[in-house]
1. Which condition from (1) of a type in the set (A, V, I, L, M); (2) within 13 Å of chain B (Cβ to nearest Cβ); (3) within 23 Å of the chain's Cα centre (by Cα) is the one that A:Ala296 breaks?
2. Out of A:Ala172, A:Ala124, which single residue is touching a residue at least 40 places away in the same chain (Cβ under 8 Å) and closer than 18 Å to A:Thr429 by Cβ?
3. Could you list, in sequence order, all residues of segment A:85-99 that are within 22 Å of A:Ser59 (Cα to Cα) and open to solvent by 10 Å² or more (accessible area, probe 1.4 Å)?
4. Can you confirm whether A:Ala149 is touching a residue at least 12 places away in the same chain (Cβ under 8 Å) and touching a helix residue (DSSP H, G or I) at 6+ places or on another chain (Cβ under 7 Å)?
5. Hey, can you tell me all the residues within segment A:52-63 that are open to solvent by less than 10 Å² (accessible area, probe 1.4 Å) and either touching a strand residue (DSSP E or B) at 6+ places or on another chain (Cβ under 8 Å) or closer than 12 Å to A:Leu272 by Cα (or both)?
6. Kindly evaluate A:Pro299 against the criterion of being open to solvent by 20 Å² or more (accessible area, probe 1.4 Å) and within 30 Å of B:Trp25 (Cβ to Cβ).
7. Scan segment A:157-165 and tell me whether some residue there is over 25 Å from A:Phe38 (Cβ atoms) and crowded, with 24+ Cβ neighbours inside 10 Å.
8. Out of all the residues in segment A:115-131, which are part of a helix (DSSP H, G or I), open to solvent by 30 Å² or more (accessible area, probe 1.4 Å) and of a type outside the set (A, V, I, L, M)?
Amino acid sequence: MSLEYLGVAGLAVYLVALLVVAELARRARRDQSPADHFLAGRDLGVFVLFLTLYATAYSGNSLLGYPGEAYRRGFSWIMATGFMLSIVVCFHALVPRLRPIAVAHAFVTPGDWVRHRFAGEPGARALLAGVSVLMTLALANFLFAQLKAMGEMADQVTGGVVSYEFGVFGLALVILVYETVGGMRAVAWTDAAQGVLMLLGLAALLNWVLGASGGLELMTTQILEIRPAAALVPDARECANWVSTIGLLGLASIVYPQAIQRIYAARSGPVLKRSLAMMSFMPLATTAVVTLIGLAAIPRFADLGAAEADRVMPLLLGEWAAASPLYAVAAVAVFIGALAAIMSTADSVLLSLGSLVAEDLLGRPRDDASTTALGKKVAAWTMLAMACGAMFREITLWRLIELKMELLIQCVPAFLLAIHWRGLRARPTFAGLVAGAAVAIVGVLAGWKRIGGVHIGMLSLCLNLAIAVAGSIWARPRRSEPVRPSAGLG
Amino acid sequence: MSARRRLRNLLLVLIGLLYAASIPWYRTTGETPALWLGLPDWVAVALGCYAAAAVLNAVAWWLTDVSDAPDASEDREGAS
């Protein structure tokens, strides 16, 4: 049987398995409440929480975007291992403080924190709306990137038997079904299986790629001959970009709505910290591996264009499968693992988006079954809109991630600064958020993606922070003024 | 501050230093690298730093107190 048909058969088996998991998750649900649907009843244990964190963080961007970026930029893309690790490091600043508050006040969405922290303050509603809008835009962007990656992967590995368009719409429909039926429980359970598949698949692919390239040393020597700039010591601009990317990804990723919701969904604090400790090693097991895979593609495919470079992974899988029938079966396993990773991120994003729009943007109560129903409807319409948008294939995946991060990072003061500094006030935080987002958007539209290697998102975050801090200090009650009672939180 | 918390903070500082060392800002731009373990030397250093940082970060999480008790946190939160 050829790779194309093996791929189609593997895909069919996998999709059926997903639907079975969804049905099991539906039977395991306790009620129709948002906490049960969006947070799996706050009962995720170490193993499932770790794998769902893993499968959610490592997505289509990691598996298609990162090898593509390694192919484009060369060895300096080892920075990706650093910035993926920086996410787990930056969580130290948020998790120990946010988790007990979230438990005490039964948070469901990221907006619940903003509502709680700034309750009763002037500007609190505007801040909640601003944070929710930015998070919704970032999630929609993220979903768009996952759908694009699903289509590419399905098309390339099945040799067009499953077309790009069918890959996008068909797989989107499957995600929508199991997410709607099983909620976070189905998402987390499928994530766990998807995480294991992804790890095994990547290990097998790396083993083959390095073997076929004659080992690391020969691969590096060939890269030095074919494209020396990819292996030479990078310049100051690239180093500045390295620092900026670590900051951008590390900070923005901890305010991913789906990551925040996993902080809420853990069975207990100790379970959460053990999962995060295990997550520390995943950048080495995943990001470093996909970077090496992208680098190994430089001598193999000399002339790929910018957007074409995102297809490095499927192209390698095709070559691997052609080497022997056994490899063809292994390549299909990797294909399913990669697709699984992409789908697991898309399902988490979709679930988060539904809850965010229903509760934070539309103001539905967090303990009402109608909020769950509305969240499902929002998810369905958003999926349809993004799937239509994904028909535009010529945007690189890495650029999509950067756009998302530049917006998302503007929410950092409302979470990270607010949780550490009592003096932060809602109105200046909102003003900072608006100014930061405006500068980031204008910068991206004007083509100023980076200034001196530093992302426009990082520069606009500095402006955002300056406004939030200066405004909060300015708004502090003077000694002669009566002190406002503490803001009725909780 | 407890010894456990001091150790955790020390580990976080060490992780910061490893990050600073991982970026080849101190090397000459465009220099042809020697190969270490089959990789350009500056890449091997970066990877080594990230591996060490991963171990330290896992230990730091092990030492972190993530409580579910609301009263312990409400005193510290930036609200109230």
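The values are calculated or read from the model by the stated rules, or taken from the named source; none is laboratory data. No experiment lies behind these values; they were computed from the predicted model shown. So basically every Cβ, Gly included, is an ideal-geometry build from the backbone, and we count neighbours across all protein chains shown. Note: accessible area is taken over every heavy atom of the protein model, side chains too, but ligands, DNA and RNA are not part of it. Shrake-Rupley method; radii C 1.70, N 1.55, O 1.52, S 1.80 Å.
1. Checking A:Ala296 against (1) of a type in the set (A, V, I, L, M); (2) within 13 Å of chain B (Cβ to nearest Cβ); (3) within 23 Å of the chain's Cα centre (by Cα), the one that fails is (3).
2. On the way: A:Ala172 fails: closer than 18 Å to A:Thr429 by Cβ.
Selected residue: A:Ala124, the only one of A:Ala172, A:Ala124 that is touching a residue at least 40 places away in the same chain (Cβ under 8 Å) and closer than 18 Å to A:Thr429 by Cβ.
3. If the condition is that a residue be within 22 Å of A:Ser59 (Cα to Cα) and open to solvent by 10 Å² or more (accessible area, probe 1.4 Å), then A:Ile87, A:Val89, A:Cys90, A:Phe91 are the ones that fit.
4. Here the answer is yes, as A:Ala149 does meet what is asked.
5. A:Thr52
6. Details: open to solvent by 20 Å² or more (accessible area, probe 1.4 Å): yes; within 30 Å of B:Trp25 (Cβ to Cβ): yes.
Considered against the rule, which asks whether it is open to solvent by 20 Å² or more (accessible area, probe 1.4 Å) and within 30 Å of B:Trp25 (Cβ to Cβ), A:Pro299 comes out as yes.
7. Looking for residues that are over 25 Å from A:Phe38 (Cβ atoms) and crowded, with 24+ Cβ neighbours inside 10 Å, one finds at least one in segment A:157-165, hence yes.
8. So the first thing to find is which residues in segment A:115-131 are part of a helix (DSSP H, G or I), and the list is A:115-117, A:124-131.
Of the ones still in play, those that are also open to solvent by 30 Å² or more (accessible area, probe 1.4 Å) are A:115, A:125-126, A:129.
Of everything in segment A:115-131, those that are part of a helix (DSSP H, G or I), open to solvent by 30 Å² or more (accessible area, probe 1.4 Å) and of a type outside the set (A, V, I, L, M) turn out to be A:Arg115, A:Arg125.
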